[in-house]
1. Pick out the one residue from 33, 16, 41 that is in contact with a strand residue (DSSP E or B) (Cβ under 9 Å, 6 or more places away or on another chain), within 16 Å of ligand 2 (Cβ to nearest atom) and under 30 Å from residue 135 (Cα atoms).
2. Scan region 252-290 for residues that are over 20 Å from residue 227 (Cβ atoms), part of a loop (DSSP other than H, G, I, E, B) and open to solvent by less than 20 Å² (accessible area, probe 1.4 Å) and jot them down.
3. Give the residues of region 110-141 that are over 17 Å from the mean Cα position of the chain (by Cα), away from ligand 2 (no atom under 16 Å from the Cβ) and in contact (Cβ under 8 Å) with a residue 24 or more places away in the chain, sorted by residue number.
4. So, in region 166-185, of the ones that are in contact (Cβ under 8 Å) with a residue 24 or more places away in the chain and open to solvent by 30 Å² or more (accessible area, probe 1.4 Å), which residue ends up farthest from ligand 1 (Cβ to nearest atom)?
5. Within region 149-160, identify whether any single residue is within 15 Å of ligand 2 (Cβ to nearest atom) and either modelled with pLDDT under 95 or more than 21 Å from residue 99 (Cα to Cα) (or both), and answer yes or no.
6. Determine which member of the set 235, 221, 214, 194 is open to solvent by less than 30 Å² (accessible area, probe 1.4 Å) and farther than 15 Å from residue 158 by Cα.
Amino acid sequence: MLDRQNRTIDYLRISVTDKCNLRCTYCMPADGVEDLTHEEVLSFEEILRVVKAMVPLGVKKIKLTGGEPLVRKNLVYLVEQLHQLPGIEDITMTTNGLLLEENLPALLKAGLTAVNISLDTLDPDRFRQITRREGLDKVLSALDAASRSSLRSVKINCLAVKEFNEEELPRLALLAKDREIEVRFIELMPIGFGKTLTPIPNTQILETLEQVYGKSVPYEGRLGNGPAVYYQLPGFQGKIGFISAVSHRFCSQCNRVRLTSSGFLKLCLHYNNGIELRPLLRDGISDHQLTETLREAIYNKPLHHSFDGVKPEGEDDQLELKNMSQIGG
Ligand code: SAM
Ligand code: SF4
């Protein structure tokens, strides 16, 4: 469907849990967040009902996220059920990779089409410093398994943070040298703990990569469902991507809404505008009413974020106070 700004909304990010097996400093407090109770989290049946109600509105692409999506029990079942829904064409996942390798065969069989693996460093000490946990070996092994698999696409999401990985970024880009994957650099957003760290502008990263690996060529094709722009570096099999939400606002092309694990339909990453779907689902809303409620909410999606402090004119949107682990990225 089109929203009031004529943006086509066809993509839903579903956070299936806000629990996580890492504690990344930019995302979660050291001792985690208070767990939602079992009753507060949408069941798979409730999630599927919301997705079914969105299909008539034109939603056809789903991203599973978290917290860490793979810590939710039986996630493969959800993928399988989503895959069977007529109208759903693409089911992808964003994961920290720790549990990916062991689940990969079942996920592929269930219909998962692509994964994004979050990885900010190749150094075990720094991995521990950033994530406050162990596990780099597992992530790298999962990356190899995923890139050898039948997945349509494997992407690395690397958050570029001055305090952590500035001098390591060329080495991370190298992951795309001999693999047909995309390494994407993501600008840190001033949300939650992200406000306490220093982003590195993507233009600066591209300049550094070109100094090390030679002049890049912009890639004109489309890769995936999001706002990344891609470049080809000489001699690289894979591509390098940039998601520059802060330095280059791409809200006019935004195609997505988000569903949190507690059932809040979130209309923009930066604001807490949206609707609580859980009470509606549990109070017996009809399928038709649910679709119409979603249609009205999505139509009124905020015009743009205000990371630069400039709010859309005439709007009184409340800024988001949740951590990224509760939003899903
Ligand atoms: N646990 C999964 C993972 O790490 O991929 C999925 C959830 S995580 C919240 C999704 C993405 O959000 C990760 O790639 C993470 O790097 C990114 N992220 C977390 N905090 C961020 C921030 N302040 N700005 C930009 N991206 C952020
Ligand atoms: Fe967990 Fe992902 Fe947040 Fe790291 S970024 S704490 S892996 S949810």
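1. Working: 33 fails: in contact with a strand residue (DSSP E or B) (Cβ under 9 Å, 6 or more places away or on another chain); 41 fails: in contact with a strand residue (DSSP E or B) (Cβ under 9 Å, 6 or more places away or on another chain).
From the options 33, 16, 41, the qualifying one is 16.
2. 260, 261, 263
3. 110, 111, 122, 123, 141 - these are the residues of region 110-141 that are over 17 Å from the mean Cα position of the chain (by Cα), away from ligand 2 (no atom under 16 Å from the Cβ) and in contact (Cβ under 8 Å) with a residue 24 or more places away in the chain.
4. 178
5. Yes; the residues of region 149-160 include at least one that is within 15 Å of ligand 2 (Cβ to nearest atom) and either modelled with pLDDT under 95 or more than 21 Å from residue 99 (Cα to Cα) (or both).
6. Within the list 235, 221, 214, 194, the selection yields 214.
For (1) of a type outside the set (Ser, Thr, Tyr); (2) open to solvent by less than 10 Å² (accessible area, probe 1.4 Å); (3) within 12 Å of ligand 2 (Cβ to nearest atom); (4) in contact (Cβ under 8 Å) with a residue 12 or more places away in the chain, each residue gets a yes or a no:
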position	(1), (2), (3), (4)
48	yes, no, no, yes
78	yes, yes, no, yes
93	yes, yes, yes, yes
101	yes, no, no, yes
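The values are calculated or read from the model by the stated rules, or taken from the named source; none is laboratory data. Since this is a predicted model, take the numbers as computed values, not measurements. Cβ atoms come from the backbone with ideal geometry, glycine included; neighbour counts cover every protein chain shown. Heavy atoms of the whole protein, side chains included, go into the accessibility calculation; ligands, DNA and RNA do not. Shrake-Rupley method; radii C 1.70, N 1.55, O 1.52, S 1.80 Å.
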